[in-house]
Amino acid sequence: MGCLFCNVLEKKVPADVVYEDEHALAFKDIRPVAPTHVLVIPKKHIAAIHDLTDADATTIGQVMIAAKKVAEQLGIHANGFRLVVNDGDEAGQTVHHIHVHVLGGRTMTWPPG
Ligand code: AMP
Ligand code: ZN
């Protein structure tokens with residue numbers, strides 16, 4: 001079976017890629033919940049935030065920088081956007097390769113569901 005997002009990285013699963021650099025890949029979510037909904041993933045497989053170690057500090061920082069670049073590139077940075085990372089079952093994590101949801105293009109509500 002393997003990891004779905006590792007398969008996206010290896011181009012075994014198609015994705016609508018909007019940004020790529022040495023450390024991260026960004027592609028459109030197949031079930032968007034906002035006018036702009038992109039997932040940013042590290043090229044290194046890390047299953048979840050709760051698996052992070054100090055050695056991952058640079059990797060996770062690069063993912064956040066990539067998310068910021070995606071927001072700029074897609075033009076949602078001026079009005080505001082939301083970054084979401086679900087961790088574990090109660091948070092609704094369904095894919096076990098860290099991904100930052102970049103959400104924008106509409107007014108967000110708080111608290112999140
Ligand atoms: P989460 O529930 O936080 O783990 O988010 C997983 C996200 O991945 C969901 O928003 C799904 O819609 C999205 N997703 C699942 N499979 C794919 C895929 N093949 N390509 C793009 N997005 C996907
Ligand atoms: Zn993976």
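Bear in mind these aren't lab numbers, they're just calculated from the coordinates by the rules spelled out. Owing to the predicted nature of the structure, the values given are computational and were not obtained by experimental measurement. Virtual Cβ from ideal backbone geometry, glycine too; neighbours counted across all protein chains shown.
Quick look at the numbers
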| quantity | calculated |
| --- | --- |
| Contour minus Cα-Cα distance for Lys11 and Gln73 (0.36 nm per residue) | 20.1 nm |
| Under 23 Å from the Cα of Lys12 - lysines, other chains or at least 8 residues apart | Lys28, Lys43, Lys44 |
| Translational D in µm²/s for the chain (Stokes-Einstein at 25 °C, 0.890 mPa s, Kirkwood Rh from C-alpha pairs) | 171 µm²/s |
| Taking the chain and dividing mean pair separation by its residue count, relative contact order in percent (alpha carbons under 8 Å, at least six apart) | 31 percent |
| The chain, helix-only ellipticity at 222 nm - DSSP H runs n ≥ 4, -39,500 (n - 2.57), divided by all residues, nearest 500 | -6000 deg cm²/dmol |
| Lys, Arg +1 and Asp, Glu -1 on Cβ, resulting dipole of the chain about Cα centre, debye, nearest 20 | 400 debye |
| Global geometry of region 54-113, whether rounded, prolate or oblate, following the gyration tensor of its Cα atoms and the 1.5 cut on a/c | oblate |
| Sequence-distant residues sharing a close amide H with Val18 (under 5 Å, placed H) | Ala26, Phe27, Lys28 |
| Cβ-based net charge around Lys69, under 14 Å, with every Lys or Arg adding one and every Asp or Glu removing one | -3 |
| Loop sites in region 4-113: GluC sites (Glu not before Pro), DSSP, at most 16 other Cβ within 10 Å | Glu10, Glu22, Glu90 |
| Folded to 0 to 90 degrees: helix 57-73 orientation relative to the chain principal axis, Cα | 40 degrees |
| Partners for Lys69 among aspartates and glutamates (Cα-Cα distance below 18 Å; same-chain residues under 8 apart left out) | Asp16, Glu20, Asp21, Glu22, Asp29 |
| Mean-position separation - Cα centroids, region 1-41 and region 72-100, in angstrom | 12 Å |
| Amide H partners (placed H, <5 Å) of Ala48, local residues excluded | Ile98 |
